[in-house]
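In what follows, a structure is listed as structure tokens, so that the remarks can point back to it.
The values are calculated or read from the model by the stated rules, or taken from the named source; none is laboratory data. Note that the structure is a prediction, hence the values are computed from the model and not measured. Note that each Cβ is placed from the backbone with ideal geometry, even for glycine, and that neighbours are counted across all protein chains shown. Ligands, DNA and RNA are stripped out before the accessible areas are found, and what is left, the full protein with its side chains, is counted by its heavy atoms. Shrake-Rupley method; radii C 1.70, N 1.55, O 1.52, S 1.80 Å.
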Amino acid sequence: MKIIENDYHHANLRPLDRPFTQPSLDSPHPESPVRRVPARRLIPATALTAACALLTGCFSGGESAADGAGGDGKRVRIAMMQPPRSGLSPLSDDAFKLSRWSTAQTLVKLDADGDAQPALATEWAQSGRTWTFTLRDGVTFHDGTKLTAQTAVNSLTKATQASPKPRILDGVDLTAKAEGSGTVTITTATEDPLVPQRLSSPQLSILAAKAYKGKTVDPVGAGTGPFELTKVNGTSSAILDRYDGYWGRKAKAPGIDVKFVPDGTARAAALRSGEADIVEAVPVSQAALLDEKLITEVPMPRTNTLYLNTGNGAFKDASLRAAAREAIDAESIVKGVYEGRADVAQGLLGPALPWAGELRKPVQRARAGDPNGKSITIGTFTDRAELPEVAAALQQQLQKAGFKVKLDVREYANIESDALAGAFDAFVLSRATVLDSGDPAAYLYSDFASDGSFNISQLANDGVDKALRKAGETRTGEPRRQAIIEAEAAVLGTDAAVPMLHERVIQGDAEGVTGAAHDPRERELVTADTYVK
């Protein structure tokens with residue numbers, strides 16, 4: 001079975017400050033390692049003043065729709081990097097904001113290993129192509145209406161009919177049907193072991209019927225989470241208040257005040273000055289200027305990889321691919337380009353998936369040949385600020401090994417088609433590895449199957465295809481994880497891709513913040529347990 005799941009514009013691009021990594025996708029999980037960043041010096045006062053101005057008055061009091069709702073505690077002030085793209089529609093990437101604010105919820109959520117856990121649905125069972133989900137009792141939407149099977153089906157059907165579809169439904173023929181008031185059946189065209197994981201995508205959040213008006217979706221007052229979205233001020237801010245009718249534990253904070261602050265210096269300054277309690281995506285260049293106690297590095301499911309063209313050119317020769325692999329010094333790239341704030345890759349899947357390192361075994365690879373002055377061209381793009389620097393470092397390393405190396409660096413929109421057509425001998429890409437389902441099988445298939453939709457390496461290998469098909473068809477849990485690692489080993493054995501490093505995202509939490517989530521999948525940020533002392 002072929003499973004398709006596309007990254008945003010494949011490379012999951014988003015505006016950058018100085019090198020940092022993003023999305024879309026979950027208190028921190030104890031299994032997810034975090035690293036503290038050493039402090040170096042404080043931000044100058046002049047920078048604080050200028051940056052605060054960028055916050056449009058910073059987090060001024062009195063803005064809340066229900067100031068101090070609930071009568072206790074402090075509201076949580078968040079500085080987020082990216083403004084809404086689609087009016088906070090859950091059918092867009094804005095869905096991850098709704099999830100991170102704990103306002104919109106899905107039928108299923110994921111644990112640290114990517115396994116499905118109960119959310120709005122308490123249990124499920126598969127029978128061939130059909131899955132049956134039992135809804136949780138006592139759930140109400142923020143407008144007071146009750147969660148029923150029909151409202152859940154309405155949300156899922158709107159997603160399947162959207163144009164474009166949510167990424168998680170790319171290539172998936174899925175229909176939802178209400179069976180009574182508390183049961184939803186999901187049927188797919190072919191048997192799909194990933195249906196529960198798919199339903200965990202924030203883009204498949206369940207909203208009240210009032211949210212759907214024509215072709216638009218308005219999440220204000222329509223979620224089921226511990227916080228109700230009460231006001232959205234365009235692309236500048238949003239306000240959420242505690243929802244006392246929540247079906248789970250009552251939120252400890254009375255509300256959330258969100259500011260969208262694209263400027264990285266301004267976000268860092270807001271943390272330093274006390275204007276924000278939680279700051280999303282602190283740029284690497286600013287991390288060293290902050291108190292080490294205020295920032296946490298979280299491993300992301302994103303790998304910086306050198307894809308080698310196995311279809312034509314110098315790297316059609318497996319021995320030259322091996323020579324390139326042996327020439328690459330990933331540790332120096334981590335230290336030089338990422339200032340030590342990344343993890344040297346041991347495989348395609350990194351520390352954001354802790355089970356990968358536990359299951360991985362040594363891989364048999366070809367012996368390195370002599371480059372003997374072979375000319376190669378490395379492509380990459382400017383949209384992620386660190387990638388041209390990585391390409392320049394690779395140029396020096398490969399030239400030292402005996403290759404003649406040219407670089408072709410453009411904007412992503414102007415280079416993707418050439419990369420997919422095999423126009424380069426090698427291509428540097430920062431790639432999300434689990435995407436929306438929390439499962440890496442789709443990424444591996446897309447990038448390395450003979451008919452993969454993002455096969456930059458032009459790889460056509462029967463052994464790899466067989467391993468990828470097995471991974472996609474294996475039931476979830478330990479058997480699937482083992483099959484995925486075997487598929488990873490099959491890919492690495494061809495040297496079609498040389499994983500170099502795994503990126504991290506830096507999150508800032510003010511000293512009084514308790515219980516903020518540090519989520520590699522970027523699905524959680526403020527939860528019911530988050531509050532400010």
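Quick notes on this one:
- Residues in segment 202-219 that are in a strand (DSSP E or B) and open to solvent by 60 Å² or more (accessible area, probe 1.4 Å): 213, 216.
- Scope segment 440-489; condition open to solvent by 10 Å² or more (accessible area, probe 1.4 Å), of a type in the set (S, T, N, Q) and under 24 Å from residue 425 (Cα atoms); matching residues: 450, 453, 455, 458, 461
- Candidates in segment 368-400 are the residues that are out of contact with any helix residue (DSSP H, G or I) (no Cβ under 6 Å at 6 or more places or on another chain) and among the basic types (Lys, Arg); of these, the one that is most open to solvent (accessible area, probe 1.4 Å) is 400.
- In segment 293-330, residue most open to solvent (accessible area, probe 1.4 Å) [restricted to those that are within 20 Å of residue 517 (Cβ to Cβ) and not aliphatic (A, V, I, L, M)]: 293
- The listed residue being in contact with a Pro (Cβ under 6 Å, 6 or more places away or on another chain) and either surrounded by 19 or more Cβ atoms within 10 Å (Cβ to Cβ) or of a type in the set (Lys, Arg) (or both), out of 504, 521: 504
- Selection from segment 274-292 of residues that are part of a helix (DSSP H, G or I) and either open to solvent by less than 40 Å² (accessible area, probe 1.4 Å) or within 17 Å of residue 533 (Cα to Cα) (or both): 284, 286, 287
- Tally of residues being over 19 Å from residue 94 (Cβ atoms) and modelled with pLDDT under 95 across segment 251-265: 3
- Condition check for residue 114: on the phi > 0 side of the Ramachandran plot, crowded, with 22+ Cβ neighbours inside 10 Å and at pLDDT below 95: yes
- Residue count for segment 80-104, restricted to those that are touching a helix residue (DSSP H, G or I) at 6+ places or on another chain (Cβ under 8 Å) and not in a loop (DSSP other than H, G, I, E, B): 5.
- Qualifying positions in segment 490-499 - hydrophobic (A, V, I, L, M, F, W, C) and open to solvent by 20 Å² or more (accessible area, probe 1.4 Å): 490
- Filter result for the condition that a residue is modelled with pLDDT of 95 or more, closer than 30 Å to residue 117 by Cα and open to solvent by 30 Å² or more (accessible area, probe 1.4 Å), over 359, 407: 359
- Subset of segment 344-356 [in contact with a Gly (Cβ under 8 Å, 6 or more places away or on another chain) and open to solvent by 30 Å² or more (accessible area, probe 1.4 Å)]: 346, 351
- Selection within segment 226-263 - crowded, with 24+ Cβ neighbours inside 10 Å, out of contact with any Leu (no Cβ under 8 Å at 6 or more places or on another chain) and not in a strand (DSSP E or B): 226, 243, 251, 253
- Conditions (1) in contact with a strand residue (DSSP E or B) (Cβ under 8 Å, 6 or more places away or on another chain); (2) of a type outside the set (Asp, Glu); (3) surrounded by fewer than 22 Cβ atoms within 10 Å (Cβ to Cβ): number failed by residue 271: (3)
- Just one of (1) part of a loop (DSSP other than H, G, I, E, B); (2) more than 19 Å from residue 495 (Cα to Cα) fails for residue 406. It is (1).
- Restricting segment 69-79 to residues that are part of a loop (DSSP other than H, G, I, E, B) and open to solvent by less than 30 Å² (accessible area, probe 1.4 Å) leaves a set whose member that is modelled with the lowest pLDDT is 69.
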